[in-house]
Each structure stands twice: as structure tokens, then as C-alpha cells.
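Asker: What follows is a structure written as C-alpha cells; I'll ask about it next.
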Amino acid sequence: MDQLMDQLNQIVLSINSVLWGTYCLIPILVGAGIYFTFKLNFVQVRRFGRALKYGFANASLKGEKAGKEGMSSFQSLATAIAAQVGTGNLAGAATAIACGGPGAIFWMWIAAFFGMATIFAEAVLAQIYKTKDEIGQVVGGPAYYISQGLGSKKLAAFFSVTIILALGFIGNMVQANSIADSFYTAFNIPPIFIGIVVAAFAFFIFIGGVTRLAYTTEKMVPFMALLYVIGSLIVIFMNIDQFIPAMKMIFVGAFDPSAVAGGVFGATIKEAMRYGVARGLFSNEAGMGSTPHAHAIARVKHPAQQGFVAILGVFFDTFIVLNMTALVIIMTGAFGTDPNAIPEGIALTQKAFSLAFGSFGGIFVAICLFFFAGSTILGWSFFGEQNIKYLFGIKAVRLYRLTVILFLLLGSCLKVNLVWNLADMFNGIMVLPNIIALFALGKVVSKALDEYHDQYMK
């Protein structure tokens, strides 16, 4: 059995090396960002002020109650950020630095900048093609704009199946596994107990529907962000003399990785670019087709308004939260001086905070990870649910929710590399139908933006 699992894992790894390599998803996703950046005349720069206006105009920790007609723009943004800000923000930046050197962070910024245009397009299309389910609840997402905009129900069904597997089931196993591991390391709590707590929390939110989801995310997201940013800023100010050297390492390392940190990193420019772009896109989810489900149900007067709001999700995920992790790791020198002894993933992040906070560093990361991964579970479960409705109708939602609970329990107890690699694979596969739709419906997006300008800017 173990041999079979190893063989299957090697097959999945081979697929992932192609999918997430330098000749497949990375150029496709970055290419989409560049395409929409120029097609929409740098909307992420010119309309960033509008993004702030629409995103936070009705921001509140106790906003208007969400219901059948959807959520407020801020609640939709909070739900999207809940999904975007997860283990990738703690482990993703660390993995990029460990494998591609500090210069990988520069390429993360580049991917995020162009990704802001891509996610604008996704949100606009989600708004244009949203509809209602059997009980009058607003629903939307890539499956809906693929089937209605492209007229391809088969491609829409393919996307729905892959996102249910990638996020609803396998992805949530990974998130639960991350939480259980971090709490076992920090507090020596048996994983099954953490799994039960996570599953119970998720079940409580599920039974409350979209109303409870919006109520939770609009409170949870600002709190977890503030907690992590404050903790990171303390570490940064403790090592403020290393800020300029850290920025130099990022910019120099982007084009000459061997010239930074005394040659600790054996990375090449290609590796810095590959790991920076791949981890950045994996974290902010621009072009992956996940966050449009949240933006589809926002109550707005014009689709472009929610497109502006969606831009903030990528900005917040990468330029604020991910940057905090990167600066803490680089400024504390957590990677050491031995190129063969650089910790990977979350271990590198924990080491960085421990260098500043001592034993409390590991505890701090565990607590933050609970909120980050916990909020991602809520967002991803909701995205999967929207696709269950598309494929099978509202009657199948209850079975889906129970299945998610089961996967959360299993994920907390199992430590199987295959699960993580399968999540990467299905995440990559679900991008393809979404990107096809984005390119095909590009004219619809630019037309919507022109209409907004005519109605609201003149």
C-alpha cells in the first residue's frame, strides 16, 4: 500500500512540475494579468482610489445583514480575503525565499500587480452573469460565466468538479492539517482534538448559511489581519537596522540571487522568478476562479464597482500580509548561513518569529495560522457549495457540507504528502477553464468598464 501511495505521489508531482512550471500556468496567469492590465488601461492603478471608496465605504464589524439578495461589498471582500489569506501567506513566502532567495519576493510583487487586473475581470464577469438558485438565493462564479458567457456547459461542469475537489475537499484537508500540526508543535495538543474543534466551528457557520458566513468574515478578517500585522511590525521595528539591507536583498536578489546573503542562496534568476510568481499566484488566487464566487453575490449598482473592490483583495493579500512574512524572515536572518539547512515552509516562518519572541514565536504563528487557515476553510467551503448548487441543485448542499466536515477531521489526523500535492494539482487544473473564459469574455469586461465610466465618471 505504501509503495502504491509513493508511486501515485510521484505521478502527481510530475504533473505539478509541468502545471506549475515555467512553461504552463505561470506564463498563462501572468500573461492574463498583463493582457487585462493593458486592455483595461491599468485599472488597478487608475481606479485604486475607487477601490478603497467602494470597499470600505460600508465597512463595519456589524454590517447590514446578508441574505438572499447577497452581501455588502465589504462582506464580499472579507469573504474573498478570508479565502485568499491562508497558509500560503505564512508558508508561501517562506517557501519562495527558501527555494528562490529573497529576490523571489520581487517577482511576487510583479505577479500581484498584474493579478489585480485579472481579478478585476473575474469579479466583473461574476457580477454580470450571476443568477438565483431554486430558493431565490443569489449565486455566481466561473461556472456561471463559462456556461452563460461561453455557452459551454461541459467546460463549466469540468470547472465545478475540479474546484469542489481542489478547495472544498482536498484543500480543506490541507488547511485542517496545517492547523493541527501547528497546535501540536506549539501546545502538544493531539491533532484529533484540534480537528474536532475546527470541524465544529465550520459546521456552526455552515448551518447559518450566507448570513452567518458574512457576519463571521466581516469580524474575523479585520481581527486576524490586525493581529498578524501588529506582531510582524514589532519584529520589523526590533530589527529596523536591517530594513534597508532587506530591501536591497529583495531587489538585487531578483536579478542576481548569488550576490545576496553571502551566497547562502544557490538560486538562479529563473528559480527566483519561478518560486516568487508561483507562490504569489497561489496565495492571492488571481485568475484561479475561486474569489469570483464571493464577489458575485455583492449588492452593487454596477458590476465594475465590485471589480474595483476585488483589486483590494490581491493588494491586501500580497502587499500587506505576505510582505509582513517576507520582511520578518529576511530581517531576522532566519535562513542562517548554511544553504543546506534553510527550514522549509511554515518552519522558516516559525523560526523567524522565535528569533524575535523566543518560545512565544511558535505560539504566535500557531494562533495566527488558526485564524488564517480557519477563515480559508470557510471561504473555500462556500466556493465549493456554489458549484455544488450549479451541478446538483440546492438539495445536494447538505451532503456536501457533511462531506467537508469529514474531510476536515481526516485532514487534521493524516500527514500525507500526497494530499498536499493533490491540492496543488487540482488547483492548477481548475485554472485552465477559468482562464479560457476570461480571455474569451475580455470584451465584456472592457465594455462594462466603459459603461461605468460613462455613467459615473462623466
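The values are calculated or read from the model by the stated rules, or taken from the named source; none is laboratory data. Computed from a predicted structure; not experimentally measured. No Cβ is skipped: glycine too gets one built from the backbone with ideal geometry, and neighbour counts run over all protein chains shown. Accessible surface is based on the protein model in full, side chains and every heavy atom, while ligands, DNA and RNA are left aside. Shrake-Rupley method; radii C 1.70, N 1.55, O 1.52, S 1.80 Å.
Asker: Here is a check on your reading of the model: is I194 modelled with pLDDT of 85 or more, closer than 30 Å to R299 by Cβ, within 23 Å of the chain's Cα centre (by Cα) and buried (at least 17 other Cβ atoms within 10 Å of the Cβ)?
Answerer: no
Asker: In addition: Select from region 386-425 the residues that are closer than 26 Å to S147 by Cβ and without any contact (Cβ under 8 Å) to a residue 24 or more places away in the chain and list them in ascending order.
Answerer: Answer for region 386-425, where residues must be closer than 26 Å to S147 by Cβ and without any contact (Cβ under 8 Å) to a residue 24 or more places away in the chain: F392, K395, A396, V397, R398, L399.
Asker: Same structure, new question: Taking the criterion of being among the aromatic types (F, W, Y), in contact with a Gly (Cβ under 9 Å, 6 or more places away or on another chain) and either part of a helix (DSSP H, G or I) or surrounded by fewer than 24 Cβ atoms within 10 Å (Cβ to Cβ) (or both), would at least one residue in region 219-237 satisfy it?
Answerer: There is no residue in region 219-237 that is among the aromatic types (F, W, Y), in contact with a Gly (Cβ under 9 Å, 6 or more places away or on another chain) and either part of a helix (DSSP H, G or I) or surrounded by fewer than 24 Cβ atoms within 10 Å (Cβ to Cβ) (or both).
Asker: Right, another one. Got a sec? Which of G136, G171 is out of contact with any Ser or Thr (no Cβ under 7 Å at 6 or more places or on another chain) and assigned to a helix (DSSP H, G or I)?
Answerer: G171
Asker: Tally time: how many residues in region 403-458 are modelled with pLDDT under 90, assigned to a helix (DSSP H, G or I), open to solvent by 20 Å² or more (accessible area, probe 1.4 Å) and touching a Pro at 6+ places or on another chain (Cβ under 9 Å)?
Answerer: The total comes to 1.
Asker: Looking at the structure I just gave you, is L391 part of a helix (DSSP H, G or I) and modelled with pLDDT of 90 or more?
Answerer: In short, yes.
Asker: How do the pairs read when you match residues in region 144-167 that are farther than 16 Å from T403 by Cα with residues anywhere that are crowded, with 19+ Cβ neighbours inside 10 Å and of a type in the set (D, E, K, R), using Cβ under 7 Å and keeping only pairs 6 or more apart or on different chains?
Answerer: Y144/K130
Asker: So if I check each of A98, A94, which one is among the small types (G, A, S), surrounded by fewer than 24 Cβ atoms within 10 Å (Cβ to Cβ), over 29 Å from L213 (Cβ atoms) and in contact (Cβ under 8 Å) with a residue 60 or more places away in the chain?
Answerer: A98
Asker: Also: Which count do you get for residues in region 22-57 that are of a type in the set (K, R), in contact with a helix residue (DSSP H, G or I) (Cβ under 7 Å, 6 or more places away or on another chain) and either closer than 22 Å to I81 by Cα or modelled with pLDDT under 90 (or both)?
Answerer: Of the residues in region 22-57, 2 are of a type in the set (K, R), in contact with a helix residue (DSSP H, G or I) (Cβ under 7 Å, 6 or more places away or on another chain) and either closer than 22 Å to I81 by Cα or modelled with pLDDT under 90 (or both).
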